[in-house]
Amino acid sequence: MRGIIAGEQTAHGGFDREILARGFTLIEMMVVVFIMGIVFFFAVPRLQEGPFSDPKGKTYRWLSAEIRDLRRKAEASGRPWRLNIDLDNQAFWSEPVDLQPEGISGTSGNRFKLPGGLVLSEVEIGTGKGARAGVTAIRFKSQGVSDMAVLRFRTQGMEIWSMFIEPFLSRVTLFDRPLTLAEAADQARRSGR
């Protein structure tokens, strides 16, 4: 019998089962695993920078989830909660309103720091308060309503966009431009959001 490469036909028309059954050698397997390791070494870090690491999207998803949770907590507990916004440290955290002033330190386990490349530049709250520095808060009442607010963000590329927090809905509306509180409320009302 002559030496046959796997996959070649024998003289009688079939495949040589001995050579096909033998499989891959250890060296061949090691080469394949080595090549796959090199591919994953370069591909995995790029996947982590993919669509879910977008600072704008990450902030929007966190705020949306936190606002739904705060409304639910306020209704379930029968006591008001607040979403604290620290413009100086670019961070958010939530806590019950009746917490003593020393509790405003932001040491809550639910603290969210804005991702790099994103800056919260201004907060405008429906109570007439606007802030560009310091700590301010959006209140969530036990009836399930909150302060109406608009948060204005900017990126390093100076793109400015706004998030609108509606007082009666557990929803955050994203606008790709800077809006005042009145403009955001009007836009949300007109678009049916």
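Values quoted throughout were computed directly from the atomic coordinates according to the rules given, and no laboratory measurement underlies them. Since the structure is predicted, the reported quantities are computational estimates derived from the model, not experimental observations. Positions of Cβ are generated from backbone atoms using ideal geometry, with glycine treated the same way; all protein chains shown enter the neighbour counts.
Place a label point 7 angstrom from the Cα of residue 54 along the Cα-to-Cβ direction, then list the residues of region 146-174 whose backbone nitrogen is under 20 Å away. Under 20 Å, as judged by backbone N against the label point of residue 54, lie 151-165, 171-174 of region 146-174. Entry note, region 54-191: relative contact order of 24 percent, from Cα contacts under 8 Å with a spacing of 6+ residues.
Spin-label pair residue 35-residue 180: with each label point 7 Å from Cα along the Cα-Cβ axis, the two points sit 6.4 nm from one another.
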